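**Q** One structure is given below, represented as structure tokens, and several questions about it will come after.
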Amino acid sequence: MSHVAKQLIATALLLSLCFVSNGCWVIGIFLNTVAPEKVKPLYELQEVPTVVLVDDMRSLLANPNFTGEISERVIFDLTEEKVLKPEMTISSKRVRELEALLGEEYGQTSIDRIGRALGAEQVIHVNVEKVEITAEPGVMHPQATVTVKVIDAKQVKRVFPSATASTNLPGDVESTRGHPVKTELRHRFSGEMNRGEERVMVQKLVDRIGMNVARLFYKHNKSDVGEMRN
């Protein structure tokens, strides 16, 4: 029996249950499981050469390699979801090579110029604004806030978020850098946290940041959004 046929039979049985036991409230739960609500992309990317630049100017992630990992996760998800073709993306390796070439000038070079130097017409810029690992001693609650914007490198203008969009961040962080994206992992209690354990948690947080950034640009299940299980 096909998967579709099984779903139709299950739906029929559930409808029968509804009329018999007045349990119609369960139908909404069931239908959301079978066909979960979709979240539309906030912005539709152009199909042009694209680079993802991730800045962690205050070294909040405590590892310079993590910015490249966020970039690669964003690229991976966007190509998997067929938002961008692989040949239209520029790897984080090329970004690091350009950074090494420019040295101190890299941080003073505008995003659009970096994009053009890499052959990109579209730049997804991610800035790390806030990172927290522990809420209190013995309690690990990794969370981060980044801001995201899309730059048209050819026309030298920001195309996402729009100039009129509010970019204030929740809580005690304010920024005009772009659209805020908050990422959290579930609380985890730990009597004593060592450096290795903390690095593993930050690694998970970094991966989820990349995924959440990519989701701004493609349709996805609403039920998938939320905290990440450890």
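**Q** If only one of 144, 120 is closer than 22 Å to residue 42 by Cα and part of a loop (DSSP other than H, G, I, E, B), which one is it? Write out each step before concluding.
**A** On the way: 144 fails: part of a loop (DSSP other than H, G, I, E, B).
Being closer than 22 Å to residue 42 by Cα and part of a loop (DSSP other than H, G, I, E, B) holds for just one of 144, 120, which is 120.
**Q** Of these, 179, 187, which one is at pLDDT 95 or above, assigned by TED's automatic domain parsing to the domain that holds residue 82 and not β-branched (Val, Ile, Thr)?
**A** Working: 187 fails: at pLDDT 95 or above.
None of the others qualify; the one that does is 179.
**Q** Within the range 69-110, can you find the residues that are over 14 Å from residue 51 (Cβ atoms) and of a type in the set (A, V, I, L, M)?
**A** 83, 100, 101, 102
**Q** Can you tell me which residue in the range 198-226 is modelled with the highest pLDDT, limited to those that are surrounded by 14 or more Cβ atoms within 10 Å (Cβ to Cβ) and of a type in the set (Asp, Glu)?
**A** The residue in question is 207.
**Q** Taking the range 89-113 on its own, how many of its residues are within 22 Å of the chain's Cα centre (by Cα) and either outside the structural domain of residue 65 (by TED's automatic domain parsing) or not charged (D, E, K, R) (or both)?
**A** 6
**Q** Then there's this: In this structure, does residue 230 turn out to be at pLDDT below 85 and either part of a strand (DSSP E or B) or in contact with a Lys or Arg (Cβ under 6 Å, 6 or more places away or on another chain) (or both)? Don't jump to the end; show me each part of the working.
**A** On the way: at pLDDT below 85: yes; either part of a strand (DSSP E or B) or in contact with a Lys or Arg (Cβ under 6 Å, 6 or more places away or on another chain) (or both): yes.
It is true that residue 230 is at pLDDT below 85 and either part of a strand (DSSP E or B) or in contact with a Lys or Arg (Cβ under 6 Å, 6 or more places away or on another chain) (or both).
**Q** Taking the condition in contact (Cβ under 8 Å) with a residue 60 or more places away in the chain and assigned by TED's automatic domain parsing to the domain that holds residue 204, does residue 73 pass?
**A** Considered against the rule, which asks whether it is in contact (Cβ under 8 Å) with a residue 60 or more places away in the chain and assigned by TED's automatic domain parsing to the domain that holds residue 204, residue 73 comes out as yes.
**Q** Would it be correct to say that residue 118 is hydrophobic (A, V, I, L, M, F, W, C), crowded, with 20+ Cβ neighbours inside 10 Å, in contact (Cβ under 8 Å) with a residue 12 or more places away in the chain and assigned by TED's automatic domain parsing to the domain that holds residue 150?
**A** In short, no.
**Q** Another question, if that's okay. Among the residues of the range 76-98, write down those that are free of Cβ contacts under 8 Å to residues at least 40 places away in the same chain, crowded, with 18+ Cβ neighbours inside 10 Å and either assigned to a helix (DSSP H, G or I) or among the small types (Gly, Ala, Ser) (or both).
**A** none
**Q** Of all residues in the range 49-71, which are among the charged types (D, E, K, R), touching a strand residue (DSSP E or B) at 6+ places or on another chain (Cβ under 8 Å) and crowded, with 18+ Cβ neighbours inside 10 Å?
**A** 56
The values are calculated or read from the model by the stated rules, or taken from the named source; none is laboratory data. For clarity, every value in this text was computed on a predicted model and none was experimentally measured. Neighbour counts run over all protein chains shown; Cβ positions are idealised from the backbone, glycine included.
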